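In what follows, a single structure is set out as structure tokens and then discussed.
The values are calculated or read from the model by the stated rules, or taken from the named source; none is laboratory data. On a predicted model such as this, the values are computed, not experimentally measured, just so you know. Note: ideal-geometry Cβ built from the backbone for every residue, glycine included; neighbour counts use all protein chains shown. These area figures cover heavy atoms from the full protein model, side chains too; ligands, DNA and RNA do not enter into them. Shrake-Rupley method; radii C 1.70, N 1.55, O 1.52, S 1.80 Å.
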Amino acid sequence: MTRIAAVILAGGRGERLGGVVKAALRVGGIRLLDRVMTRVAACQPIVIAHGPHDPALLDLPAGVLPVPDLPTTYAGPLAGFAAAVDALPDDIELLVCAAVDAPFLPADYVGRLVAGLGNAAAAVASHAGQPYPTNAIWRVERIRDLPSQVLAGTAPHSLKSLAASVNAVRVEWPASAGDDPLANINTPEDLASAEARAASL
């Protein structure tokens with residue numbers, strides 16, 4: 001069987017939300033981290049790229065692997081992603097990536113990404129033509145050298161650029177899915193909208 005790991009990008013500083021730990025925010029009474037972990041629960045291991053945050057604040061369940069960013073000048077989602085790649089066991093073939101601030105990832109998130117990957121090196125989730133590079137699936141063999149490239153300062157500086165460098169395909173979630181299943185939370189307005197959406201489900 002293909003071994004599939006997952007990384008949840010949880011290092012955001014939430015500056016536009018007042019400097020909160022995004023992973024600990026609640027939507028519909030459920031932590032964002034817990035919402036996303038539910039969607040990648042079939043993957044093993046699940047890596048939490050926690051960036052500058054103390055992982056003790058995240059109250060992680062047993063078996064989940066917290067990783068800090070690598071000691072480089074790289075920042076943002078790519079830094080956490082590279083740290084997760086560096087922490088993976090050697091036998092992992094695919095890595096599913098999910099943003100912690102995307103509370104409405106669909107139940108078929110992992111399955112649709114795996115199916116849409118085909119023979120490509122990576123596949124980026126998309127809705128209504130809008131790609132979300134933080135929500136994607138990657139062939140680990142194609143990005144095994146990413147941590148060393150980050151440490152050397154030669155890696156792309158964003159997940160969007162990294163995806164382009166390996167000719168990633170897109171996996172489109174249909175418009176019939178209704179509200180954007182990949183939408184993330186960056187502002188107080190986004191948070192209020194997510195609360196209202198959760199209440200209507």
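To the nearest 20 Debye, how big is the dipole of the chain about its Cα centre, given +1 on the beta carbon of each Lys and Arg and -1 on that of each Asp and Glu?
Value, rounded to 20: 180 debye.
Report the relative contact order of segment 31-180, percent, no decimals, based on alpha-carbon pairs under 8 angstrom and at least 6 residues apart.
Result for segment 31-180 is 26 percent.
If I compute solvent accessible area with a 1.4 Å probe over the protein chains, what percent of it on segment 1-58 is carbon and sulfur?
With neighbouring chains kept in place, the figure for segment 1-58 is 51 percent.
Return the single residue from L60, L78, L33 with maximal mean-square fluctuation; model: Gaussian network over the chain, springs between Cα atoms under 10 Å.
For the chain, modelled as a Gaussian network with Cα springs under 10 Å, the answer is L60.
Can you tell me the length gained on complete extension of the stretch L57 to D91, counting 0.36 nm per residue apart and subtracting the Cα distance?
Here the segment from L57 to D91 would lengthen by 9.2 nm.
Please compute the per residue accessible area over the chain with all protein chains in place, 1.4 Å probe, rounded to a whole number of Å².
So the chain comes to 46 Å² accessible per residue, rounded to a whole number.
Among the DSSP beta bridges whose two residues both lie in the chain, what percent are antiparallel, rounded to the nearest 5?
40
So, with a 1.4 angstrom probe, what is the percent of accessible area on segment 107-201 that is carbon and sulfur?
Of the solvent-accessible surface of segment 107-201, carbon and sulfur hold 51 percent.
Let me check I've understood the local charge: for V27, count other residues with C-beta under 9 angstrom from its C-beta, Lys and Arg +1, Asp and Glu -1. What total comes out?
Net charge in that neighbourhood comes out at +3.
Sum up the charges of everything whose Cβ sits under 12 Å from the Cβ of A98, counting Lys and Arg as +1 and Asp and Glu as -1, but leave A98 out.
+1
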